[in-house]
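Have a look at the structure below before the remarks.
The values are calculated or read from the model by the stated rules, or taken from the named source; none is laboratory data. Source: prediction; values computed, not measured. FYI the Cβ positions are ideal-geometry reconstructions off the backbone, even for glycines, and counts take in every protein chain you see. What goes into the accessible areas is simple: the full protein's heavy atoms, side chains included, and nothing from ligands, DNA or RNA. Shrake-Rupley method; radii C 1.70, N 1.55, O 1.52, S 1.80 Å.
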Amino acid sequence: MSDRTDRHLEISLLKRQVVCRAKLLDDLAPRTCAAVWDALPLSGDVYHAKYARNEIYALFPPFAAQEPPLENPTVTPIPGDLCYFSFAGTELATNAYGYDEQVRPDTTLVDLALFYERNNLLLNGDVGWVPGIVWGQVVEGLEEMAAACNDLWRTGAAGETLRFRRA
């Protein structure tokens, strides 16, 4: 049974018209959940992971007054995990990542990610371990979202938007 204080959000791939619902993990990552919740709605170009495996994500300018600490960290996210990462532009501003001009060495970016299948490992050949903050868990619609994510992997992410909004 769900507690009345549970907060939920919807994660959507707009072009593919797929939506899943997630519960915020306020008890495990309270500062991260507060920062994300206060910033919603958020949407941006979706990317499929190159190194982590079964992950989709969008990049955003920093939105928290202060970046959350590494609470509820993982390097092995499971299906349905929502993770938060903060990167200095110098970590992402290489041709190997394939980002457009929004990623520059002098920027900081927040990466909000959804992991949709098993066997993920947050290990990057350039920088090593990349722990993420697990701040939410998909509770409805993961199977449909995973199918859309696999389609995104096979057919491409161009023109697709990932949206996070309060449910």
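Do we have any residue at all in the range 55-78 that's in contact with a strand residue (DSSP E or B) (Cβ under 8 Å, 6 or more places away or on another chain), within 17 Å of residue 163 (Cβ to Cβ) and among the acidic types (Asp, Glu)?
Within the range 55-78 (the criterion being in contact with a strand residue (DSSP E or B) (Cβ under 8 Å, 6 or more places away or on another chain), within 17 Å of residue 163 (Cβ to Cβ) and among the acidic types (Asp, Glu)), the answer is yes, since at least one residue qualifies.
Just to be sure before I move on: is residue 74 modelled with pLDDT of 95 or more and not aliphatic (A, V, I, L, M) in the structure I sent?
Considered against the rule, which asks whether it is modelled with pLDDT of 95 or more and not aliphatic (A, V, I, L, M), residue 74 comes out as yes.
Under 6 Å by Cβ, and 6 or more places apart or on different chains, what pairs join a residue from the range 68-92 that is over 18 Å from residue 47 (Cα atoms) and outside any loop (DSSP other than H, G, I, E, B) with one that is of a type in the set (A, V, I, L, M, F, W, C) and open to solvent by less than 30 Å² (accessible area, probe 1.4 Å)?
Correct list of pairs: 74/134.
Within the range 148-167, count every residue that is in contact (Cβ under 8 Å) with a residue 60 or more places away in the chain and more than 16 Å from the chain's Cα centre (by Cα).
The qualifying residues number 3.
Inside the range 131-158, can you point out the residues that are within 24 Å of residue 63 (Cβ to Cβ) and either at pLDDT below 95 or not hydrophobic (A, V, I, L, M, F, W, C) (or both)?
131, 132, 136, 137, 157
From (1) at pLDDT 90 or above; (2) within 16 Å of the chain's Cα centre (by Cα); (3) surrounded by fewer than 18 Cβ atoms within 10 Å (Cβ to Cβ), pick out the condition that doesn't hold for residue 51.
Failed condition: (1).
From the residues in the range 129-167 that are part of a strand (DSSP E or B) and within 15 Å of residue 53 (Cα to Cα), which one is least open to solvent (accessible area, probe 1.4 Å)?
Result: 132.
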